[in-house]
1. Go through the stretch 195-219 and count every residue that is within 23 Å of the chain's Cα centre (by Cα) and in a helix (DSSP H, G or I).
2. Name the single residue that is farthest from N164 (Cα to Cα) among those in the stretch 211-261 being in contact (Cβ under 8 Å) with a residue 12 or more places away in the chain and of a type in the set (S, T, N, Q).
3. Residues that are charged (D, E, K, R), in contact with a Leu (Cβ under 8 Å, 6 or more places away or on another chain), in contact (Cβ under 8 Å) with a residue 60 or more places away in the chain and within 24 Å of S109 (Cβ to Cβ): does the stretch 267-278 have at least one?
4. Looking at V256, V154 in this structure, which one is of a type in the set (A, V, I, L, M, F, W, C) and either on the phi > 0 side of the Ramachandran plot or surrounded by 16 or more Cβ atoms within 10 Å (Cβ to Cβ) (or both)?
5. Would you check which residues across the stretch 81-116 are of a type outside the set (S, T, Y), modelled with pLDDT under 75 and under 19 Å from A239 (Cα atoms) and list them?
6. If you check A329 against the conditions, is it assigned to a helix (DSSP H, G or I), assigned by TED's automatic domain parsing to the domain that holds N183 and modelled with pLDDT of 85 or more?
7. Tell me which residues, restricted to the stretch 198-210, are free of Cβ contacts under 8 Å to residues at least 60 places away in the same chain and buried (at least 16 other Cβ atoms within 10 Å of the Cβ).
Amino acid sequence: MRRLAPLGLGLGLVAAASPASAQTAAEPAVSSSLMLMLAAIGASVAVFLLVIILLGKGRAVGTVQGRLGGPPGSSPTGGLFGKVPFLRRAARQAESAAHQRGATSMIESALEQANIPLKAGEAIIAALGVAIIGFVLVSAVTRSFLWGAAVGAVVLVGSLMFVNNVAARMKKKFETQLPDTLNLLATSLRAGYSLLQAIEAVGEEAPEPTRREFGRAMAEIRLGRPINDAMSDIAERMASRDFEWTVMAMAIQREVGGNLAEVLQTTAETMVQRNRLRREMKALTAEGRISAIVLSIMPFGLFGFIWFANPEYIQPLLSNTIGIVVIGAGILFIGVGIFWMSRIVKVDA
């Protein structure tokens, strides 16, 4: 029931905004349009989350079971896309178009890192579907294709940001858990476990997403894949440079011999020190980052306040060519300033 809460929130926004369409002519049209736009965005996000929930009940595409399950010729897709032929064909066409443009690997990598059980084509169709829902809803109520197109663009960008944000959080959690993971491997080896048994222990005892990744690697190893290749795939899926170096150290140790537990322990201690240095630099640059965020939001917040408080004051800026040019130049300079401030406060560790 908790997973359906976003859907109820989106539908509640739509229900709350429905009386706005019956406002009298004396009320500002801008406020009504904004409420409808927010309601459409909420409903579209709710539909997007509902699609993920429905598809999540099917077979996870990224797992070994998902790749090997089913007889030859059967649909490799679970959930809603596997049951509706139209959606299945649309997903295949979208994946083919993305493959021709070289975007398939990037989309699949983000979906795997975010642990979203969708293929590239399915994710594209889901994002386009909720964008079209928002476009149709806003265009029908406001009778303005411009507002509908704006909502559709916001939903598309929001879907991309949602997937990237979840993937980034999963990657960060994996990086944070990596020293403890290596310590667990080293401890298991010192206790007399073999390397396979140590990997299996991590796949059973480590928190997510480390448990999921090592469990998947263990399943691949049991199917006959070399250990180094399975470990390298974890580093590639999670885009972890630290774990990539760990896999290289493990491969070298297996060739030349030595104490693997000691190598893993030393690597874990090095990662702990690097993470401590990163946190110290993040604390030292916190003031600059907060200042950059405030200065970036302030122009847009001031524009929105004037828009609602006194629309007639700002209307000349939007109704003539000079005003539009000034707005465009201002947005350009704001973007340059945001980029410059982000470079200033960013420190590579």
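The values are calculated or read from the model by the stated rules, or taken from the named source; none is laboratory data. Keep in mind that what you see is a predicted model, and the values were worked out from it rather than measured. Methodologically, a virtual Cβ is constructed for each residue, glycine included, from the backbone with ideal geometry; neighbour enumeration extends over all protein chains shown.
1. 8
2. If we take residues in the stretch 211-261 being in contact (Cβ under 8 Å) with a residue 12 or more places away in the chain and of a type in the set (S, T, N, Q), then N228 is farthest from N164 (Cα to Cα).
3. For the stretch 267-278, residues charged (D, E, K, R), in contact with a Leu (Cβ under 8 Å, 6 or more places away or on another chain), in contact (Cβ under 8 Å) with a residue 60 or more places away in the chain and within 24 Å of S109 (Cβ to Cβ): absent.
4. V154
5. The answer is G102, A103.
6. no
7. A198, I199, E200, A201, V202, G203, A206, T210
Every residue, every condition in (1) in contact with a helix residue (DSSP H, G or I) (Cβ under 9 Å, 6 or more places away or on another chain); (2) buried (at least 20 other Cβ atoms within 10 Å of the Cβ); (3) not basic (K, R), yes or no:
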residue	(1), (2), (3)
A126	yes, yes, yes
I133	yes, no, yes
L137	yes, yes, yes
K172	no, no, no
L178	yes, yes, yes
